[in-house]
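Since every read-out is calculated from the coordinates, none of them should be taken as a lab result. The structure presented is a predicted model; accordingly, all values stated were derived computationally and were not measured. Every residue, glycine as well, gets a Cβ built from its backbone with ideal geometry; the counts of neighbours run over all protein chains shown.
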Amino acid sequence: MKIRKAVETYIDYFSSALPDNFVIKDYYISNSGNEFYIYYRDETKDNQIQYNSINEYLTHIDTYKPFEIEVDNEHIINLIDNSH
């Protein structure tokens, strides 16, 4: 956590180097401390999940483990792991 706080100081510099439509989603230093990762995404792309039928939706959710909820195309929450 201490390293993450130190990195926050420079996030604005990293953000300013990206095109306007990109935002930083997450960032961290590897466990070894040798690599720095920045995850960003294009805000102009739609992340919303769309289904053409109830059957398509039911088939899709059957691919997940019990208690997993898909929030959007990038985020799945496991209710057991995130009980609060």
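The phi torsions of segment 11-25, fed into the Karplus equation with coefficients 6.51, -1.76 and 1.60 and a -60° offset, translate into couplings of 4, 4, 5, 5, 4, 5, 7, 8, x, 4, 7, 9, 10, 7, 8 Hz, rounded to whole numbers, with Gly and Pro shown as x.
Listed from fewest to most Cβ neighbours within 10 Å, the set ASP62, ASP26 follows the order ASP62, ASP26. Stokes-Einstein diffusion for segment 1-44 at 10 °C, viscosity 1.306 mPa s, with a Kirkwood radius from C-alpha pairs, works out to 142 µm²/s. Projecting the Cα atoms of SER15, ILE38, TYR28 onto the dipole axis of segment 1-44, where Lys and Arg carry +1 and Asp and Glu carry -1 at the beta carbon, places TYR28 farthest toward the positive end.
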